[in-house]
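Remarks on the structure that follows.
Every number in this text was worked out from the coordinates using simple rules, so none of it is lab data. Remember, it's a predicted structure, so these values are computed and weren't measured experimentally. Note: ideal-geometry Cβ built from the backbone for every residue, glycine included; neighbour counts use all protein chains shown.
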Amino acid sequence: MKGTMNVNQYLTPEQTQRIHEESINILQKTGILVRNQKALDIFSKRGCQLDGDVVKFPTKVIEETVKQFSPTFTFRAQDPSKDITIPDEGPIMVTGSSAPNIIDPKTGTERAATSKDIGNIAHLINHLDGFDVFSISTLADDAKDDQFSMYRFYPALKNCAKPVRSNTPTISDLEKVLKMAEIIAGSKAAYQERPFITHHYCPMISPLSMDFESTEAVIYLMEKKLPTYCTFVPTAGMTSPLSLLSGLTVGNAEFLALAVLAHAINPGTSLIYAVLSTMADMRTGDYATGAIETSILQVAHSQMAQFYNIPSGGYIGLTDSHCNDAQSGYETGLNLANAVNGGIDMMNAGGLLSSLMVFDFAKAVIDNEIALMVKKMKKGINFKEEDFLIDLVAEGGHGAQFMGHPHTFKNARKVSFFPKIAVRGLRSNWEKKNSTTAHDRAMKEAAQILSKPCQPSFSDETDQNIKDAFPGLIPENIDPTSF
């Protein structure tokens, strides 16, 4: 028996039931403003009531939708051995996504990210064991207007064999990405049978509104039965009243509305109850992704996911700091630890600084180490009879020293987590190694990884087929290089 019980539970069963009921109350009385006619038609056919562009949801429709929820979600990869399913294999770590800028690894200054940066990041994430899914971390400032998403997905899919997740701004972009995926898979049928891109959108504009483009993409993908899920982003004090309970309930109502749409299109489809639920800094109005309230809300949302028997996740472990300092460490560490102990299945944060705006290579390496630690925290203690080691205690006797014992040598790596970035030992030894900071050591680790040759995820022939299908696509070969 493994010690995997959730430590943090903020809500009683009666309270989760009440939040569910009040969420339905919101959906019945206030409803959701929907700007997409296709979505309005789908909601109407499902039995919802339309008041112009406002959709109101009968209790029966919501309850029937909840009964259709799938208890698992699988991220597929080009390499099937890297597929991962939550909650069974969770908690998993996903990179933060779509930051416009990057900290240049050579100059240390912030600049616009490019497609080559995405290739480098993909190669890095492919070699960091703490990360399970590569959500494309940045935009590509060098992208051509008609190939915005191709300049992101091409280097990501070429240089990372792990599952890849991201989104596109338009249906036209989405069609190009899917065409590329079909070329990589070998045919349209082969990709449909095993889709290795997970699509992610935020169609809900809190509070209680749905936009056009993202909703259009979700409908398009759901109709094709391609893996897709959505994140909702209520902010207490800004897009919901200033109470954690209100923010939680508004967010839960938004999730239920999106779930009705998804299951109306594709009944029984797998979803993730995914959030970036936080609150603004009421002194300034600044977005506060690293606030401790973010993890409190995440734990509560995870409890609601458990109530619905659906996997949970979210943008958690983020930081508002602009560098790898103490603030970055404690915001990421505290929020991830709290969320994992509260039952989260998917952590979506790694590598980003400045409230989701900037990717940093050293931050990604540090977050990898944090992810490995919180995953070990979640596993807890393996309660096995042979691990009491009573005979070994008796053999050693009083005052024994077990460091040199063969059992210790055999089991050290099974029992202990050995960090690469955190420093241990005497200060004098640290000083002999030039008194490096965690940031220094993380940058060195990133440079070592990126100095290794990158094995592309698909063949040269497939690569050429992609370039033939998309003339002018990134003319130079996007293979990561060292710093």
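Sorting 184-192, 342-350 by average packing, meaning the other beta carbons within 10 Å per residue, from highest down gives 342-350, 184-192.
A simple charge model with +1 on the Cβ of Lys and Arg, -1 on the Cβ of Asp and Glu and nothing else charged puts the dipole of the chain at about 740 debye relative to its Cα centre. Taking the Cα centre of the stretch 268-354 as origin and assigning +1 to Lys and Arg Cβ atoms and -1 to Asp and Glu Cβ atoms, the resulting dipole is close to 200 debye.
Put a plus charge on the Cβ of each Lys and Arg, a minus charge on the Cβ of each Asp and Glu, and nothing anywhere else: the dipole of the stretch 196-307 about its Cα centre is then about 240 debye.
A Förster radius of 35 Å combined with the Cβ-Cβ distance from ASP440 to GLU89 puts the calculated FRET efficiency at roughly 0.60. Each label was represented as a point 7 Å from its Cα along the Cα-to-Cβ direction; for ALA143 and GLU14 these points are 5.1 nm apart. Cross-linked pairs LYS224/LYS379; LYS158/LYS363; LYS38/LYS188; LYS106/LYS144; LYS144/LYS179: Cα-Cα separations exceed 27 Å for LYS224/LYS379. Here the simple spin-label model places points 7 Å from the Cα toward Cβ, and for ARG424 and ASP286 these points are separated by 3.6 nm. Beta bridges from DSSP with both residues in the chain: antiparallel share about 40 percent, rounded to the nearest 5.
Taking Lys and Arg as +1 and Asp and Glu as -1, the other residues whose beta-carbon sits under 12 Å from that of ALA236 total -2.
Close amide-amide hydrogen proximity is noted between GLY351 and GLY96, ALA364, ASP367, each under 5 Å apart and 5 or more residues distant or on a separate chain (H modeled in the peptide plane; Pro and chain starts excluded).
If a/c stays under 1.5 just call it rounded; otherwise compare a/b with b/c (prolate if a/b is bigger, oblate if not). Do that for the stretch 129-202, with a ≥ b ≥ c from the square roots of the Cα gyration tensor eigenvalues. Oblate, because a/c is 1.5 or more while a/b does not exceed b/c. Put simply, the chain fits an ellipsoid with semi-axes of 37, 30, 22 Å; these come from the alpha carbon gyration tensor as the roots of five times its eigenvalues, largest first.
The packing ranking of peptides 444-456, 119-131, highest mean first, is 119-131, 444-456, where packing means the average number of other beta carbon atoms within 10 angstrom of each residue. Between LYS60 and LYS29, the modelled label-to-label distance comes to 2.3 nm, taking each label 7 Å out from Cα in the direction of the beta carbon.
Ignoring aspartates and glutamates fewer than eight residues from LYS176 along the same chain, the ones with Cα atoms less than 18 angstrom from its Cα are ASP142, ASP145, ASP146, GLU213, GLU216, GLU223, ASP463, ASP468.
What the phi angles of the stretch 407-421 give under the Karplus curve with 6.51, -1.76 and 1.60, with θ = phi - 60°, is a coupling list of 4, 5, 4, 5, 10, 4, 6, 6, 8, 9, 9, 9, x, 9, 9 Hz, glycine and proline written as x. Close Lys pairs in the stretch 39-104, defined as Cα atoms under 25 Å apart and 8 or more places apart or on different chains, number 4. For the stretch 78-143, the square roots of the Cα gyration tensor eigenvalues, ordered a ≥ b ≥ c, give a/c of at least 1.5 with a/b greater than b/c, which places it in the prolate category.
With θ taken as phi - 60° and the Karplus curve 6.51 cos²θ - 1.76 cosθ + 1.60 applied, the whole-hertz 3J(HN,Hα) list for the stretch 447-460 is 5, 5, 5, 6, 7, 7, x, 9, 8, x, 6, 9, 6, 4 Hz, x standing for glycine and proline. The residue among ASN382, THR436, SER23 whose Cα reaches farthest toward the positive pole of the charge dipole of the chain, with charges on the beta-carbon of Lys, Arg, Asp and Glu, is ASN382.
Applied to the stretch 18-33, the Karplus parametrisation 6.51 cos²θ - 1.76 cosθ + 1.60 on θ = phi - 60° returns per-residue 3J(HN,Hα) values of 5, 4, 4, 5, 6, 5, 4, 4, 4, 5, 7, 8, 8, x, 10, 6 Hz, with x for Gly and Pro.
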